[in-house]
1. Kindly flag which residue pairs out of Lys338/Lys395; Lys376/Lys451; Lys467/Lys509 have an alpha-carbon separation exceeding 25 Å in this structure.
2. Taking the Cα centre of segment 180-333 as origin and charging only Cβ (+1 Lys, Arg; -1 Asp, Glu), how large is the dipole, in debye to the nearest 20?
3. How much FRET efficiency would the formula 1/(1 + (r/R0)^6) give for Leu233 and Leu11, where r is the Cβ-Cβ distance and R0 is 35 Å, rounded to 0.05?
4. How compact and how long is segment 581-671, expressed as Rg and Dmax of its alpha-carbon atoms in Å?
5. Which value, in Å² rounded to 10, gives the accessible area of Ser552 with a 1.4 Å probe and all protein chains present?
6. Are there any helices in the chain, counted as whole DSSP H runs, that stretch 27 Å or more along their axis by Cα and score at least -0.5 on average by Kyte-Doolittle, and if so which?
7. What trypsin sites (Lys or Arg not before Pro) in segment 239-346 are in a loop by DSSP, with at most 15 other Cβ atoms within 10 Å of the Cβ?
8. Mind listing the long-range amide H neighbours of Leu324? Cut-off is under 5 Å, sequence gap 5 or more, other chains count too, H placed in the peptide plane at 1.01 Å from N.
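The values are calculated or read from the model by the stated rules, or taken from the named source; none is laboratory data. As the structure is a computational prediction, the values presented were derived from the model and not from experiment. So basically every Cβ, Gly included, is an ideal-geometry build from the backbone, and we count neighbours across all protein chains shown. We work out accessible area using only protein heavy atoms, side chains counted, and drop any ligands, DNA or RNA first. Shrake-Rupley method; radii C 1.70, N 1.55, O 1.52, S 1.80 Å.
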Amino acid sequence: MNYIWRLFKLLCALSVVVTAVVIVGVVYYIEFVLPDIDALNTVQFQVPLEIYTHDGKLLAEFGEKRRIPIPYNKIPKQLINAVLATEDQRYFQHPGVDIPGLFRAAVKLVATGRKQEGGSTITMQVARSFYLTRNKTFGRKLREILLALKIDHKLSKQKILELYLNKIFLGARAYGVEAAAEIYYGKTLDQLSLDEYAMLAGLPKAPSALNPISYPEAALKRRDHVLARMYELGYIKQKDYKQALTVPIETHYHELQTQIKAPYAAELVRQQLEQMYGDSIYTDGFSVYTTIDSHLQSIANQAVRDNLVAYDQRHGYRGPEQNLGMPDIKNMQQWEKKLHAIPVINGLEPAAVVDMTDNNITVLRADGNMEIISWKNLSWARKQIDEDTLGPLPKKASNILKLGDLIRIIPTSSGWRLAQIPSAQAGMISIHPQNGQILALVGGFDYQSSKFNRITNGQRQPGSSFKPFIYSAALDKGYTLATVINDAPIVLYNPLDNSLWRPQNDTHKFYGPTRLRDGLIHSRNLVSIRLLGLIGTHYAVKYIERYGFESSQLPPVLSLALGTALVTPLQMAVGYTVFANGGFKVAPYAIDNIRNSRGQIIYQAKPLVVCNKCTPEDFAKKDNPYAPRVISPQVSFLVTSALRDVIQHGTASQARSLLRADLAGKTGTTQNQVDAWFIGYNPDLVALAWIGFDTQQQSLHEYGAQAALPMWMQFMQAALQGRPEHPFDQPPDIVSVRIDAKTGKRIAGDDPNAIFEYFMTSTVPETDKNPVPAENATSASGENGGVY
């Protein structure tokens, strides 16, 4: 017995030692072998890139995972209770590991031979999701248990729950409970009801198989199970429990609800960010604040849509997209499904004609509603026979459509209107001329239909909108707005194909001796060609490069005067900022600042700004923040003076209806009316409107004043509403002199033909001299050849 007793004491002592060694080993393993979990206090979740307007409205989000991290104190108590009721009811009592739960899992494993339950607590799931794989092995499970103990020891229960509810995958690209609320219900967490909290709490078990969008029946059963557990554990009262059970599951996928639509601007910013930071922008939680002004962007969107739809309708109706057959009550539900599957294109909804009379039609919309379209909103639809030929005016609805036709409709102030997806394209950009901020950008009619940005990437001929650059080069060489050039026929020989070029004015008329001011405001092609010949094409190309164009874009031939260069609308808008700001070249930019996931600014734009009062010494300083001067303020003022007259008396006289004296601009139409432009400005805002076909061959059959100017006017009217006029400053060395309206020569003030003209003091004409300095005048045929 003594021997047995001694052996028993020895075994006990050995057991204590072994237990102590195991405990020490476990503690050592937990503290020094397992990963350091201090990083969980500052964990950075994979959060998508968010892009905002300058005034903080969401433009876009980029990234595979939709996640909106939310602190614990913002998570609703009912959602926490729902999660604990199903995932870990003893969460606040156990030390990270639930021993009874593990024991039950072990018993089931022994009884069935299969790993049916893991006994995982929320803390163990956090350990697994941050540090381990999902492989079901005993080694991984042991590490999970030990990690959970370590995490529970180092972090508060609230912090662990916060990590869990922000990290967990809940199906449909939703990571975390806030993103899931947005995706499934289109709400924030604090807007959800009890039944909706229960549905979200039931998803972690099988987020794909229990997805309420794809598998509503399975999701309903799981939700009801969560509600039952909440009731059993006393989290909810019987009345609330029974009421929640009666609520049907009504969810669908909610796309990200942006506050302002500017997809072309957002994509431009995304591309720039990817060049700066690489693929990390999609996961590191960057917030980017752009230069886009939400108000200006909204009115630019509206101007492009309204005017492109209006242009399209002026050129006739091309007919329905398809015919669904004869309407019948039995197939209405099928029609709804078909309509629902057809995307809405920039507000143009699909609809099916289900009834008609002589004076109206009744259409079915995708939401099941019926709408009546009156004759007023139908009668525009003359049949388009070809590009420039329309059929007769329709006399009744059956001349336009048939029952079962799939059409497009658009809401207007007078009710729903028959529409069609435009075959042409349009774009608009607005830039702040004092610093280069891109304030609004529309790169096409609909981004989902075509992601090509016509403003930044489209190479188009600018037509007559290019002429101000030619005129500025001439003014800088000593010519004046009073210089008289003969608007007469020109014949030029082209040795490349042994042909003759006979350019003409748009009116196919010749106007004889014409002052440069009149030549610009009435867009006289022959005056511009002769002027370019006089100053020399190589000189002009070199001069025009100052505005930001590349020499490779500017062919040194006389047709350059007609805008035959291939340039982007962005380049044209930037070029016009030089006139708007008094002669400085600003660089366009769209990113104002970038912030990391902690809200810290990691990039701040430092644009070069206009400084009219700066001295040459200021510009000579190293790293000065000022935009470089590229033309004199006198040349800028003279060009602007003429472009103001384009609006007051010239090709853009429609814009007089804006009742502002601080506007200047120029129309542009290319050969065969392929492109239509208007670019206009005041000292605070430059805006460009363009319209054309992507093929670059098809004619618009309209001039810039018809197609593009109304778009610009709609934008500027809204953009400048409530803003006082901002006159253009007259620089020193500019004088106003009376001249003869026909000859451009200086005359006495009492002469009945006297008009005022602006001159630089160095080019004021004498009464008996030609206002063009003789030493600067060159033969028009001397550099380029040809016969005038």
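1. Numbers: Lys338/Lys395 31 Å; Lys376/Lys451 34 Å; Lys467/Lys509 19 Å.
Where the Cα-Cα span goes over 25 Å, the pairs concerned are Lys338/Lys395; Lys376/Lys451.
2. Working: 15 positive and 19 negative charges, 104 e Å.
The calculated dipole for segment 180-333 is roughly 500 debye.
3. FRET efficiency, Leu233 to Leu11: 0.20.
4. For segment 581-671, the Cα radius of gyration and maximum Cα-Cα distance read 18.8, 56 Å.
5. 110 Å²
6. Flagged H segments are 2-28.
7. Loop-located and lightly packed - Arg318.
8. Asp405, Leu406
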